[in-house]
Amino acid sequence: MTGHYDHEQAQEFWQYVWERDEVYELDEDATDPTYVLGMFPYTSGTLHMGHVRNYAITDAYARYRRMQGDDVLHPMGWDAFGLPAENAAYERASDPESWTQACIRRMREELETMGFGYDWSREITTCEPDYYRWNQWLFARLHEAGLVEYEAAAVNWCPDCETVLAEAQVTETDDGRVCWRCETPVGRRELDQWFFTITDYAEDLHDGLEELEEWPEGVREIQRNWIGRQEGARITFGVSEPPWGSESEPPRGSSERGEEADPRDSDTVDQSIDVFSTRPETIFGATFLAVSPGHELAADLAERDDAVREYVETTRETPPEDVGLSAVETDATAINPLTGEQLPVYVAGYVLEDVGTGAVMGVPAHNERDHAFARDHDLPIEGVVTPRDATDAVDLESAPYTGEGIVEDGGEYDGLETETARERLLEEHDALESDVTYRLRDWLISRQRYWGTPIPVVHCEDCGPVLVPEDDLPVELPEFVHTTGNPLDEAGEWKETTCPDCGAEATRETDTMDTFVDSSWYFLRFLSPDLEDAPFDGDLVDETLPIDVYVGGEEHAVLHLLYIRFMMRALADLGLHDVREPVERLVSQGTVLYDGEKMSTSKGNVVAPLEYGAETTRLFVLSAAHPEQDFEWTANNVRGAYDLQQTLYRMASAFVEEGEPRVERQPHDEYLDREIDRTIAAVTDEYERFRFHRAATEIQELARLLRRYREYDQPHGECYRRGLLTLAALIAPMAPHLAEEVWNKLRGDGLAVEADWPEPRSDADEYATERRFVETTLEDVRDIVDVAAIDEPERIDLVVAPDWNYRAVELAREQGTDEPIDGDALIESLSESDVSVPDRETVGRFVGGLLEQRTGRGLDRPLPADRERAILERAAWLLVDEFGADVTVRRATDDGDLAEKARPGKPAIRIE
């Protein structure tokens, strides 16, 4: 074959043509387009292989849907705010905007070189004022709806980034909690901060996960765990605080249950505290009560007790892993509402202020955390639940028993199953009330950095925090100042302003928004990027959303995917649109590995996306593995993608350059036509299921078959050209430049990327069965040749079973699969049928074989005898080509010796 595919020349030319013809721009009149989106990139400077894989997946699917006749929305933009740009600018004595814009220019050029088919007319950049103006506008709307809070809080602080982190941006490691971005150990600080109250949507976000049937279960489970829904009971404990300076000590520890009057009626009860428990029946084993350092009771006690105050101040700025099981015992006493027992009260760092109620009843015998605390503080461990199986020994001093079981030492509830006791307690005691809590915490959006959306608030001594009026938006960033800490604190002229409410002197909020605010709604802006009077067109959102396919890394399951689900619900409740779930189908792409490790600049194992050429790289990352699986980058496998391109190009070139093709049709032309149809059906199914690697395999198989067909005989012109055009169309979503080259050589109509997706010309329902039948027969011939040591077969006879064999199988299948085959009834039915049947002994032997088959795995439905023969006649050329032998295919009618060996789906074979 002649010809060499010059991918660089092809890329340059066809990208010019696509841009000239505006191939990828969505028609303004399109209704309900297929929305295909990859998570837009952070402007880090250059593309990496993770970007390429992500965007190759979306690009391939968008191209496929376009060839299927869909209007397709496939946009691109830039997640352009963020601390790394600020740090990079600081290191280079530049400014974040200049650095970011340079990165965008470089990354866009790389994306264009890769040939990704984006509608660049919809490009958005989150650091542009015409975008972040709408961040500020949405902040104001959420604030008016009561979904924004400003409060003092102990927050996670990264000393390297010099900013606070939301809980979702803290990574748990074996060495403690670290910053998700720079892996610096995270500390705690007390700061006034802005929050989105995402907790208001905890239940909705949790329940909505059940509807996301086309999301990976792993992502849904991560979100379930992060939301952390727990059913249980809210239990009210009375708390007494002795007068400050009293010389008397409140009673400690346990008393005889039932001997005291209910302390809730006592004048010594000063207040009540609620705790949440998923196991309220274990209340009989409570031996202490613990509150978080941020609890109201802790603050109250700290005003009068120096030890408590010192502990609270120290603990609230200490990372949780350093706090451990430390605590301070207080002078307060909690009263068990069921037993009347008086329990010591601790302020303990392991109790978190924003989880549950910020207070826990300590049941060391039946909770691992409480057990460790009790051992550390020498508190009693009192068991009240035993395993159902009395033979299961439990040593509560060594470890708690946390399973279900039987209540003991629980008064009137003794002997009850824990589930039953739980239900009765909730029914019979006012101090216990059914409740649901969530692990989810509010979204901390304040960042003490420059390169982000300014929060549209001014602080007035008289009015407090005041929203900037809508007419004054956007609040634009001032000129960048090189300084440590937050540069906005040093921008005096920008910072000093007046109060919009009273006109007095005021200062601007110097915190900027978390960059995940930018990405929480960007996909809505793509629908109407030039809209000037609103962040997006609500009617277009209702028409287009949810996103049909969204592709990105599973690491964004909380940081991004949870936030976009919250924002869609909040904006819907504001009346801005009606759609509550943003994404219908989510694809979490796997990682590209090199020598077993994720590609990383720090590890020196990065392969530049364009090192092997755009087409080869795209084709390889799509054909290497399922999109959701990790795969290893190897030069040998990359070579396979390159060779496939060269093969297809040379096949098309050779066909065009050669003389007149054959006109008359032969049986092997029919075989090729069927295989073309079968490949179309298979590849279509694989694209629909995002199994591009399997689609590539099918394409390679058809290419090999076409080469073999051409070498076997002068190709039939129409049949062979159809095969080549089909290959060009099928590979177009993955290798569009190559497809255009082949399509153009073969004089296909228009552009390959705008061509109609190929369709089978005949019924494709049983293609897989036909192919298995042919492959099995070929393998049987090869086995006979090998076992009999036949060097050069001269003749191969394939004998299809007689008609009555097929009828016998059908009759056996009609008897059903639950019961054994009734051989006598089968023989009787067969003799009464309209097919010619041999002697009863022959029939009996065949039926005996069916009995054995049924015992093993049931009976497959065979193809009809005439169809088996036609399939083998079309495929006979494969044996001729492989062995150089004469091949005949016939029915077993009068040939007694082979007739009995032939079976439906398994022809008899004679080799001479």
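Using just the Cα positions, wrap the chain in a convex hull and report its mean projected area in square nanometres, one decimal place.
Seen from a random direction, the Cα hull of the chain projects 52.1 nm² on average.
Can you pull out the GluC sites (Glu not before Pro) in the range 490-537 whose DSSP state is coil and whose Cβ has at most 16 other Cβ atoms within 10 Å?
E532
Under a Cβ-only charge scheme (Lys and Arg +1, Asp and Glu -1), can you give me the dipole magnitude of the range 748-814 about the Cα centre, in debye to the nearest 20?
240 debye
Shape verdict for the range 772-911, please, from the Cα gyration tensor: rounded (a/c under 1.5), prolate (a/b greater than b/c) or oblate.
Verdict is prolate for the range 772-911.
Label-point separation (nm) for I790 and E814, each offset 7 Å from Cα along Cα-to-Cβ?
Modelled inter-label distance: 3.8 nm.
Dipole of the chain (Lys/Arg Cβ +1, Asp/Glu Cβ -1, origin at the Cα centre): which of P736, F237, Y563 lies farthest to the positive side?
P736
To the nearest 0.05, how large is the calculated FRET efficiency for S272 and L593 if R₀ is 56 Å and r is the Cβ-Cβ distance?
0.50
Return the sequence-ordered ³J(HN,Hα) values of the range 637-645 in whole Hz as given by the Karplus equation 6.51 cos²θ - 1.76 cosθ + 1.60 applied to θ = phi - 60°, using x for Gly and Pro.
With the stated coefficients, the range 637-645 comes to 5, 4, 4, x, 5, 5, 5, 4, 4 Hz.
Hey, fewest Cβ within 10 Å first, where do C463, C158 land in order?
So the residues, fewest neighbours to most, are C463, C158.
Over the alpha-carbon set of the range 634-754, work out the extent along each principal axis and list the three values in angstrom, largest first.
Taking max minus min along each principal axis of the Cα atoms, the range 634-754 gives 42, 31, 25 Å.
From the backbone phi of the range 604-620, what are the Karplus-calculated ³J(HN,Hα) couplings (6.51 cos²θ - 1.76 cosθ + 1.60, θ = phi - 60°) in whole Hz, Gly and Pro given as x?
Whole-Hz 3J(HN,Hα) from phi for the range 604-620: x, 10, 7, 10, 5, x, 9, 4, 9, x, 4, 5, 5, 5, 4, 5, 5.
Roughly what would the spin-label model give for E19 and D130, points 7 Å off Cα along C-beta, in nm?
Those two pseudo-labels are separated by 2.0 nm.
What lysines could a cross-link reach from K598, if we take a straight Cα to Cα line under 30 Å and drop same-chain neighbours fewer than 8 places away?
Output for K598: empty list, no partners.
Taking only Cα atoms, what is the 0 to 90° angle, nearest 10, from helix 418-428's long axis to the longest principal axis of the chain?
50 degrees
Assigning unit charges at the beta carbon (Lys, Arg +1; Asp, Glu -1) and nothing else, what dipole magnitude in debye, to the nearest 20, does the chain show about its Cα centre?
Its charge dipole is roughly 4060 debye.
Once you have the Cα-Cα distance between E882 and A299, take 0.36 nm times their residue separation minus that, and quote the gain in nm to one decimal.
Between E882 and A299, full extension yields an extra 201.1 nm.
What aspartates and glutamates sit close enough to K745 to cross-link, taking a C-alpha to C-alpha distance under 12 Å and skipping anything fewer than 8 places away on the same chain?
Here the aspartates and glutamates satisfying the reach criterion relative to K745 are E657.
Given H placed 1.01 Å from N in the peptide plane, which residues other than close sequence neighbours of V148 have an amide H under 5 Å from its amide H?
T197
Would you mind checking the tilt of helix 803-814 against the longest principal axis of the Cα atoms of the chain, expressed as 0 to 90 degrees and rounded to 10?
On a 0 to 90 degree scale, this one is about 20.
Might you report the magnitude of the Cβ-based charge dipole of the range 634-754 about its Cα centre, with Lys and Arg at +1 and Asp and Glu at -1, to the nearest 20 debye?
360 debye
Of Y550, G146, F536, which is farthest on the positive side of the dipole of the chain, counting Cα position, with +1 on Lys and Arg Cβ, -1 on Asp and Glu Cβ, and the Cα centre as origin?
So the residue furthest toward the plus end is Y550.
Test of understanding: ordering C182, C719 by Cβ neighbours within 10 Å, fewest first, what list do you get?
In increasing order of surrounding Cβ atoms, one gets C182, C719.
Can you list the residues, at least 5 places off or on another chain, whose amide H is less than 5 Å from the amide H of V551, using H built in the peptide plane?
For V551, whose amide H was placed from the backbone, the distant partners under 5 Å are L37, G38, M39, V587.
Can you put L727, L191 in order of Cβ neighbours within 10 angstrom, beginning with the fewest?
L191, L727
Taking amide hydrogens as modeled 1.01 Å from N in the peptide plane, which residues meet the under 5 Å criterion relative to W633, leaving out close sequence neighbours?
It is L593, Y594, D595, by chain and number.
Restricting to bridges with both residues inside the chain, how much of the DSSP beta-bridge set is antiparallel, in percent to the nearest 5?
75 percent
Using a Förster radius of 22 Å, what is the FRET efficiency between E779 and N637 based on their Cβ-Cβ separation? Nearest 0.05, please.
0.20
Output ³J(HN,Hα) for the range 576-582: one whole-Hz value per residue in order, computed from phi by the Karplus curve 6.51 cos²θ - 1.76 cosθ + 1.60 with θ = phi - 60°, and x for Gly and Pro.
With the stated coefficients, the range 576-582 comes to 7, 6, 10, 8, 9, 9, x Hz.
In the range 677-715, what GluC sites (Glu not before Pro) fall in a loop by DSSP, with at most 14 other Cβ atoms inside 10 Å?
Taking the range 677-715 and a limit of 14 other Cβ atoms within 10 Å, no loop GluC sites (Glu not before Pro) are found.
Just need the relative contact order of the chain here, percent rounded to a whole number, with Cα pairs under 8 Å and 6+ apart.
Dividing the mean separation by the residue count of the chain yields 13 percent.
Round to the nearest 10 and give me the degree value, 0 to 90, for the angle of helix 129-144's Cα axis relative to the longest principal axis of the chain.
Once rounded, the angle reads 50 degrees.
Provide the FRET efficiency to the nearest 0.05 for the R689-D462 pair, computing r from the beta carbons and using R0 = 60 Å.
0.45
Computed from the coordinates by the stated procedures, all read-outs in this text should not be read as laboratory data. From a predicted model like this one, the values you see are computed outputs, not experimental measurements. Virtual Cβ from ideal backbone geometry, glycine too; neighbours counted across all protein chains shown.
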